[in-house]
Amino acid sequence: MTEESSRDLENLLTEERRFPPSAEFAAQANVQADVYARASADRLGFWAEQARNLVSWSTPFTEVLDWSKAPVARWFGDGRLNACYNAVDRHVEAGLGDRVAIHFEGEPGDTRTLTYAELQREVSRAANALVALGVRTGDRVAIYLPMIPEAVIAMLACARIGAPHSVVFGGFSAEALNSRIVDAQATTVITADGGYRRGAPSALKPAVDEALTKEAGSIVQKVLVVRRTGQDVAWQDGRDVWWHEALEAASDQHAPVVVEAEHPLFILYTSGTTGKPKGIFHTTGGYLTQAAFTHLNVFDLKPETDVYWCTADVGWITGHSYIVYGPLVNGATQVIYEGTPDTPHRGRWWEIIAKYGVSILYTAPTAIRTCMKWGEEYPAAHDLSSLRILGSVGESINPEAWIWYRRVIGGDRTPIVDTWWQTETGAMMISPLPGVTTAKPGSAQKALPGIGADVVDDEAHSVPDGHGGYLVLTEPWPSMLRGIWGDPQRFQDTYWSRFPGLYFAGDGAKKDDDGDIWLLGRVDDVMNVSGHRLSTTEIESALVSHPSVAEAAVVGAADEMTGQAVVAFVILRATATAEGKSAEDVSTELRAHVAKEIGPIAKPRTILVVAELPKTRSGKIMRRLLRDVAENRAVGDATTLADSSVMDLIAAGLRAPSDG
Ligand code: PRX
């Protein structure tokens, strides 16, 4: 951490940047301050109580945690349950069938409301349809859908039959879909003709068709296709099946398949420090417990009256835990929106909040900063007085955006919860608790009750207050990942080897003088662009797979809007240089290539063509120096470079107008 940013941090901790909980809010909050002490006095007892209170078990568990096979945990191991039953059926059985589960708002303005009773019939039909297509308990199902109710229904239908789902974000490419299908050996794909994005239909089925011309084609038996946009689709008889036809033919009665607490619920691929994404897998009982506990208490949810909206996509872990499992297990009413915030106008989000009376909003700092840039007139034109809790996730929220969020969107009355967690943690880990903690703009603050987090130095010693280091988790937690699909060694190496006995999160962090935690960004080769995780190595591999590129180095450079932005340095092959293309043409071509290989979100913001890359004597690219260049800073210590003139060469090349 630089001296400058540490000074900024001090400034933020002044009295006027602290927001104590209002007495009125505190009096009605779901949790009280003693929750921390209760949880730390008997951590396992605390989680067992949450598991009993928040989740329904077909066979109650007697065992809470088995950590004897660390780092693979078993939580509530002898209990049996079904995740979909917990998310849907039990609410209907409790007489809440008429409660709205989902208010769906399509981008073109079409709407659909699903009560819990309707959701139960839909997931039952979908479960029967999957079984009729040959999907069995334990089989993997890939889901590649836009943000439509069918995405939730498909996930729940898989959970209902005990078939782990692997949701692939609709913005990922055919190539990315192929590799995820192959890694998980998914035999079925659920997709759509397309979805609406930025005012136009955006096709999805062609990417599935393309993915299935590759290795995935020999694994996938059936493709279920939701008709959303009515676009023309290519059809492979015998393999492709319309979702609506399959569901119409299916009964709306289906008995959920009871599974063990440790039965895999889903796999979700996320970027690591190598070119190959990691299939993070989560199981059932512990995951549901922590997703439900955190959703209920971090958002202070009152299921009878709140209208909750999480703007994430189900393609990310936030969509899994805080659109599908957390809210539905808690019997919440929620909004799901298909499209972009500025379609057809920049007030669309605020219009949706006013229309449905949204009371809890969960979104990402990038989105908040974008809305801030568009201006206050858009939120000001709508009645946002229904909002009572605001959440943030995906990256640290800068204090300016935090204060804008609270003042302009929350009308100065709403607690903000800045929630730190990861795909791997499955659910929130570090966050303020509304009504209990004093909020500090920019800090995720405190490990939640029952969670152990610390900041340590290189030798794994806990750092004193006022110091920085690496964020670690010190105790197993119910929703922790149970592994990387098919790669136990990588699981051990990535998370459990840096500091023996501690989970290494990959984030830098600092404790302030009160012991509150401030997240400082990744300390590995993972970037965070608009709250989305991208791997530098994965983008480098995509770049060098282009025939014009000899070598590539990618860094995440600070970006005002997206947090970080992808900046690529490439060395062209002699053949490509000879073609005499302009730097702009090369850049356009390479950006399109990365979009094709990974997906549009991975496209570099800037591509700089260079003659050399800075490397150590052992051949390791010094990304730190490239980051200095990308962020327009004076280049730091370059003495370990094999050839110390390289940085001068890069700087000179970047100044040359022909390299733009
Ligand atoms: O660097 C941290 C950042 O996002 C990473 C996890 O990314 P992912 O698995 O895609 O999950 C994102 C949604 C939970 C973390 O290692 N991150 C997430 N939330 C925060 C955050 N950084 C700072 N503050 C947060 N609230």
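Details
- Exposure proxy ranking, count of Cβ atoms within 10 Å, fewest first, for His593, His244: His244, His593
- Two-decimal ratio, the chain, of alpha-carbon radius of gyration to 2.2 N^0.38 Å: 0.94
- Mean Kyte hydropathy of -0.5 or more with a Cα span along the axis of at least 20 Å, helices from DSSP in the chain: 116-132
- Put simply, when 286-297, 191-202 are sorted by average Cβ atoms within 10 angstrom per residue, most first, you get 286-297, 191-202.
- Compared with the rule-of-thumb size 2.2 N^0.38 Å for a compact globular protein, segment 341-494 has a Cα radius of gyration ratio of 1.23.
- Likely footprinting exposure, Cys371, Cys84, fewest C-beta neighbours within 10 Å first: Cys371, Cys84
- Counted by neighbouring Cβ atoms within 10 Å, the residues Ser385, Ser431, Ser443 run from fewest to most as Ser385, Ser431, Ser443.
- Contact order normalised by residue count of the chain, Cα under 8 Å, 6+ apart, percent: 13
- Packing, taken as the mean count of other beta carbons within 10 Å per residue, orders the peptides 364-370, 543-549, 331-337 from highest to lowest as 331-337, 364-370, 543-549.
- Looking at segment 10-79, the chymotrypsin sites (Phe, Trp or Tyr not before Pro) that sit in a DSSP loop and have at most 15 other Cβ atoms within 10 Å of their own Cβ are Trp67.
- The alpha-carbon positions of segment 526-655 define a convex hull whose volume is 108 Å³ per residue.
- Based on C-alpha pairs under 8 angstrom that are at least 6 apart in sequence, segment 526-655 has a relative contact order of 21 percent.
- Paramagnetic reach from Asp66 (point 7 Å along Cα→Cβ, amide N under 19 Å) across segment 272-294: 282-289
- A simple count of charges around Ala460, restricted to other residues whose Cβ falls under 13 Å of its Cβ and scoring Lys, Arg +1 and Asp, Glu -1, yields -3.
- For segment 331-383 and segment 233-278, distance of Cα centres in Å: 30
- Volume in Å³ per residue [convex hull over Cα atoms, computed for segment 508-588]: 101
- Excluding same-chain neighbours fewer than eight residues apart, the lysines reachable from Lys355 by a Cα-Cα span under 22 Å are Lys302.
- Among the GluC sites (Glu not before Pro) found in segment 511-590, those both in a DSSP coil and sparsely packed, with 12 or fewer other Cβ atoms within 10 Å of their Cβ, are Glu560, Glu579.
- Positive-end residue of Ala602, Ala142, Ala550, charge dipole of the chain with Cβ unit charges: Ala142
- Distance from segment 291-324 to segment 567-628 (C-alpha centre basis), Å: 39
Quick note: the coordinates plus some simple rules give every number you see, no bench work behind them. What you are looking at is a predicted structure, and each value in this text was computed from that prediction instead of being measured. FYI the Cβ positions are ideal-geometry reconstructions off the backbone, even for glycines, and counts take in every protein chain you see.
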